[in-house]
Amino acid sequence: MCGIVAYLGQREAYPILINGLKRLEYRGYDSAGVALMQNEAIVLHKCKGKVADLEELCRDKDVSSHLGIAHTRWATHGEPNDKNAHPHLSENGKLALIHNGIVENYLVLRKELVRRGYQLVSDTDTEVVVHLIEDIYKNEQVDLAEAVRLALVGVVGTYALAIISAENPNQLIVAKRGSPLLIGIGDNEYFIGSDGAPIVEYTKNVIYLQEGELAILSLGQDIVIKNSKNKAQRPYLEKLEISLEQLEKGNFEHYMLKEIFEQPNAIKDSMRGRINTRKDMVSLGGIIKYEEKMLNAKRFIIAACGTSWHAGLVGEYLFESLVRVPVEVEYASEFRYRNPIINEDDVLIVISQSGETADTLAAVELAKAKGATVIGICNVVGSTMARNTHAGSYTHAGPEIGVASTKAFSAQITVLSLMALNLAHKKGKIPLSQYHRLISDLEAIPDKIQEILMQNDYIKEIAKFVAQTSNAIYMGRGVNFPVALEGALKLKEISYIHAEGYPAAEMKHGPIALIDEAMPVIVLATEQETYEKVVSNIQEVRARKGKIISVVSKGDTLVKEMSDYAIEIPLTEELLTPLLSCVPLQLLAYHVALLRGCDVDKPRNLAKSVSVE
Ligand code: AGP
């Protein structure tokens, strides 16, 4: 997810643009840039790094202008560096464009543009758009707005974009499909933003550009809005009602809650372009060069830390069940120091949201030194892990700001599911019918998560009970065991309540001694092969007056009757259950932490990325 800002009007554009970028920093960034119209020419300043680095770059420059566009990049295609930063220029330097979204067919477009003799200088998907517009503008004898509209007809994917032209120094064109874009209406001035954050301090009069629409903003003229069929649309003016602070978190009180609710889209984005719905085929472009190594792996080692390690445990069930190859899951911090046996036909899969976790990075170097193939699953493009592994798949969950990982966890499991399905199918380990069924079950997950999120208020009620305790036990079996661990970690790290996750059967080997009427036991009792065993474990807890909070499959009555609280979740393929059963536990931890007055987004002692040992 990137941030876009633009301004056209009587004021100096640069301060509005830079402040706007700072307002959008929560959207994550790895590079930033600004393009300014000066004396009918476009001046461009952009660099890798923070907005502050861009500000430093511009400090001694002439940044006077009344028209400009600016961008904070959260890389999806191409390393975070100066050349990949936005804005991007057309070949003749007379057009500058910024973009938030993904051009899914950029390789096809790029190939055609190169064939037509264009020199693209970056690795981004965005750059093809500005060259496409230039090509149409030059050859079709149409005005810029029509060239933009025609070019976007050929784009598959999502965009919120702004473009300026040296030949039209008092005009700003914006367009939107799939990514947000707001137009702030001032007194003969226009403010553009990915959301209201860069706009709200100047005006509360906004137009939310609708899907497929394009707007032509010209000084001294009324705004012109067209739909994708080139039909003029009546501008619909709205009021920005909420504060700057709220806007930065959407309508959510905390980033963590926003990210829990973003999971349906995060999972869709982690599948986007990777399931060919026509053939129901999975394709992971990022690992294609090492697919042979993965198909011939004698063993998979999964190394990670924290929540990512829990995702790795789910990966063990997925890979061993579908691919039928041994899997070992390792804490990266232990793996790196115990002089492990690593063979050349091993494949190490490292999982990390940040791609900067020191222990996980060390595991990468260790495995590479021993000749193993190293595959990464990461959420930050261009991160150290993304650069140091042989290949990998990005989770595309968007920036995760809350320290407690939520959407990245479910996106990691989604990518692991795609990887396991792809390998199992290509190795002929599962029948085509099971392959297709699992793919359609995976594609149905986002809507099922949406259904679970509707229980937020009920889970908030349950949190009132848990918030008063000082200990909690989470238990589950099979693929729900890693979810029990993850639920316990969520509660620990944001509410500071001591919590442990256990395989349900392990309770009678000691932990059941902890059970009394003050101990909440959160049980994952969804429909699965060992459901009856979990029921027995619940009975053992109840016999000792433990309080039961259960997560059950929709329609369950047996466990519900045994529970003090029961949260129903939709049915899905057993192996995909973690994608659903983790959501109630994320919400529970969030509400308990809130009730205990904890800083949900920045819990004490923690950092979002543990880039040191
Ligand atoms: C998860 O909620 C924690 N923030 C923490 O355990 C985190 O998962 C761990 O530090 C690993 O981070 P990474 O995924 O960025 O490598």
Only one of (1) within 16 Å of the ligand (Cβ to nearest atom); (2) under 26 Å from the mean Cα position of the chain (by Cα); (3) open to solvent by 10 Å² or more (accessible area, probe 1.4 Å) fails for SER352. Which number is that?
(3)
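When the residues of the stretch 355-375 are narrowed to those that are among the small types (Gly, Ala, Ser), outside any loop (DSSP other than H, G, I, E, B) and open to solvent by less than 10 Å² (accessible area, probe 1.4 Å), which ends up farthest from the ligand (Cβ to nearest atom)?
Result: ALA367.
Counting only residues that are at pLDDT 90 or above and either open to solvent by 10 Å² or more (accessible area, probe 1.4 Å) or of a type in the set (Phe, Trp, Tyr) (or both), how many does the stretch 398-415 have?
Adding up the residues that qualify gives 2.
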The lone exception for THR124 - which of (1) β-branched (Val, Ile, Thr); (2) in a helix (DSSP H, G or I); (3) crowded, with 17+ Cβ neighbours inside 10 Å it fails:
(2)
Enumeration of residues in the stretch 461-489 that are part of a strand (DSSP E or B) and under 10 Å from PRO578 (Cβ atoms):
GLY476
List the number of the failed condition for MET519; all other conditions in (1) surrounded by fewer than 20 Cβ atoms within 10 Å (Cβ to Cβ); (2) touching a Gly at 6+ places or on another chain (Cβ under 6 Å); (3) touching a residue at least 60 places away in the same chain (Cβ under 8 Å) hold.
(3)
Candidates VAL108, VAL129 - the one that is closer than 27 Å to ALA266 by Cα and open to solvent by 10 Å² or more (accessible area, probe 1.4 Å)
VAL108
Take the stretch 331-349 and flag every residue that is surrounded by 22 or more Cβ atoms within 10 Å (Cβ to Cβ) and not charged (D, E, K, R).
ALA332, PHE335, VAL347, LEU348, ILE349
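Let's see how each residue does on (1) closer than 26 Å to ALA488 by Cα; (2) at pLDDT 95 or above; (3) in contact with a strand residue (DSSP E or B) (Cβ under 8 Å, 6 or more places away or on another chain):
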site: GLU262; (1), (2), (3): yes, no, no
site: ARG274; (1), (2), (3): no, no, yes
site: THR277; (1), (2), (3): no, no, no
site: GLU291; (1), (2), (3): no, yes, no
site: ASN296; (1), (2), (3): no, yes, no
site: ALA304; (1), (2), (3): yes, yes, yes
site: GLY312; (1), (2), (3): yes, yes, yes
site: TYR317; (1), (2), (3): yes, yes, no
Please tell me if SER31 is buried (at least 24 other Cβ atoms within 10 Å of the Cβ) and hydroxyl-bearing (Ser, Thr, Tyr).
yes
Selection status of VAL483, over 26 Å from ILE302 (Cα atoms) and either of a type in the set (A, V, I, L, M, F, W, C) or at pLDDT 95 or above (or both):
no
Quick check on LYS448: is it in a helix (DSSP H, G or I), open to solvent by 10 Å² or more (accessible area, probe 1.4 Å) and of a type in the set (Lys, Arg)?
yes
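The values are calculated or read from the model by the stated rules, or taken from the named source; none is laboratory data. Since this is a predicted model, take the numbers as computed values, not measurements. When we count neighbours, we look across all protein chains shown, and the Cβ atoms used for this are built from the backbone with ideal geometry, even at glycine. These accessible areas exclude ligands, DNA and RNA; they are computed on the full protein's heavy atoms, side chains included. Shrake-Rupley method; radii C 1.70, N 1.55, O 1.52, S 1.80 Å.
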